[in-house]
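Here's the structure, in structure tokens; my notes come after.
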């Protein structure tokens, strides 16, 4: 069995083909160019999907996209990262073009499914996955199933409020966890706390990429720079407080951290664990496993795997209905 996975990002759209044994068969990407409009994007995406269908004969399509998603209707209700697109039907046109069953989820939900399948091998049934990048996303798996909530909006971990009237978040509110742990917030803290940022950038940034970013900040922390280490410790404390809320609410077996910022985990996990250790209700924090994902593309892998999972589930349900009819 083979499936197509699609991850629609603000800059690039990734597409893969993989089989049900988690083997990657094909990958490609193209510039999303959301500013060119929804119709232009869907035309280019449809052409790529049609070519892959003819070559690989997949059984399903899974789509992950950042933003407010309605998984039941297959509609992106709103995406601030995609030129503020609203009410974009992604499933119906691809299903009509390909004739294949399609599933649409928030990109963090797809990353959660990818972590559940590939990183954890379904060892744990209750998992919270946190995507650490420019923004902060969350995906929740309860009893082996994605949890959507009443409106499909569950898992907006990045907008858990840590501070009343705190730092400005990209969502427009203040005090969100993303405003302390997203990459833009980390760099904002670095600019405030590091003396002589120009000299810092010159010393720690990669040649040809002389700018203050999380890669530069991680390199500085690796070399013992006190200011950089403090930025990461403060970020870890904020992350720990947000994760503690999720752990107290959902009591997961495992928390998975993924995304570009997670590559600096050696500098902030200590602070996260200190927050966990300080909690008054100890039991859920003693038992929870904290995992940093090794795969940077869990979202697109999860999309392909969830599409195939839906096909398998529907096939099993159909078989049970046939057997039930036959037994009468």
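Of everything in the range 117-152 that is under 29 Å from residue 46 (Cβ atoms) and touching a strand residue (DSSP E or B) at 6+ places or on another chain (Cβ under 6 Å), the residue that is surrounded by the fewest Cβ atoms within 10 Å (Cβ to Cβ) is 152.
Working carefully through the options 243, 257, find the one that is under 26 Å from residue 123 (Cα atoms), within 20 Å of the chain's Cα centre (by Cα) and not in a helix (DSSP H, G or I). Steps first, please.
Numbers: 243 fails: not in a helix (DSSP H, G or I).
Being under 26 Å from residue 123 (Cα atoms), within 20 Å of the chain's Cα centre (by Cα) and not in a helix (DSSP H, G or I) holds for just one of 243, 257, which is 257.
For the list (1) modelled with pLDDT of 95 or more; (2) crowded, with 20+ Cβ neighbours inside 10 Å; (3) touching a helix residue (DSSP H, G or I) at 6+ places or on another chain (Cβ under 8 Å), I need the number of the one condition that residue 65 fails. Unmet condition: (1). Quickly run through the range 27-45 and pick out the residues that are within 16 Å of residue 100 (Cβ to Cβ) and either loosely packed, with under 13 Cβ neighbours inside 10 Å or at pLDDT 95 or above (or both). Result: 45, single match. Residues in the range 199-216: is at least one part of a helix (DSSP H, G or I), touching a helix residue (DSSP H, G or I) at 6+ places or on another chain (Cβ under 7 Å), in the same structural domain as residue 286 (by TED's automatic domain parsing) and within 23 Å of residue 291 (Cβ to Cβ)? Among the residues of the range 199-216, at least one is part of a helix (DSSP H, G or I), touching a helix residue (DSSP H, G or I) at 6+ places or on another chain (Cβ under 7 Å), in the same structural domain as residue 286 (by TED's automatic domain parsing) and within 23 Å of residue 291 (Cβ to Cβ), which makes the answer yes.
The range 1-99 holds strands (runs of 3 or more DSSP E) entirely within its bounds, and those carrying 1 or more residues that are touching a residue at least 40 places away in the same chain (Cβ under 8 Å) and over 17 Å from residue 303 (Cβ atoms) map to 68-70, 85-89.
Sub-9 Å Cβ pairs linking a first residue in the range 228-254 that is in contact (Cβ under 8 Å) with a residue 24 or more places away in the chain and at positive phi to a second residue that is assigned to a helix (DSSP H, G or I) and surrounded by fewer than 22 Cβ atoms within 10 Å (Cβ to Cβ), at least 6 apart or interchain, are 251/283; 251/284; 251/287, ordered by first then second residue.
Among the residues that make up the range 277-298, is at least one of them part of a helix (DSSP H, G or I), touching a strand residue (DSSP E or B) at 6+ places or on another chain (Cβ under 7 Å) and closer than 25 Å to residue 110 by Cα? Break it down stepwise before answering.
Start the filter on the range 277-298 by keeping residues that are part of a helix (DSSP H, G or I), which leaves 277, 283-287, 298.
Adding the requirement that they be touching a strand residue (DSSP E or B) at 6+ places or on another chain (Cβ under 7 Å) leaves 298.
In the following step, the residues that additionally are closer than 25 Å to residue 110 by Cα were identified as 298.
Taking every residue of the range 277-298 in turn, at least one turns out to be part of a helix (DSSP H, G or I), touching a strand residue (DSSP E or B) at 6+ places or on another chain (Cβ under 7 Å) and closer than 25 Å to residue 110 by Cα.
Note on the range 263-282: residues that are crowded, with 21+ Cβ neighbours inside 10 Å and farther than 21 Å from residue 200 by Cα amount to 1.
Is one or more of the residues making up the range 159-173 assigned by TED's automatic domain parsing to the domain that holds residue 233, assigned to a helix (DSSP H, G or I) and crowded, with 16+ Cβ neighbours inside 10 Å? First the steps, then the outcome.
Our first condition is that a residue be assigned by TED's automatic domain parsing to the domain that holds residue 233; within the range 159-173, this holds for 159-173.
Subsequent filtering for residues that are assigned to a helix (DSSP H, G or I) retains 159.
With the extra rule that they be crowded, with 16+ Cβ neighbours inside 10 Å, the set shrinks to 159.
Yes, because at least one residue in the range 159-173 is assigned by TED's automatic domain parsing to the domain that holds residue 233, assigned to a helix (DSSP H, G or I) and crowded, with 16+ Cβ neighbours inside 10 Å.
Scanning the range 46-70 for residues that are within 21 Å of the chain's Cα centre (by Cα) and within 12 Å of residue 15 (Cβ to Cβ) turns up 61, 62, 63, 64. In this structure, does residue 221 turn out to be surrounded by 15 or more Cβ atoms within 10 Å (Cβ to Cβ), part of a helix (DSSP H, G or I) and touching a residue at least 40 places away in the same chain (Cβ under 8 Å)? So residue 221 passes the test.
The values are calculated or read from the model by the stated rules, or taken from the named source; none is laboratory data. Treat the numbers as computed from the prediction; the structure is a model and nothing was measured. Cβ coordinates were reconstructed from backbone atoms using ideal geometry, including for glycine residues, and neighbour counts include every protein chain displayed.
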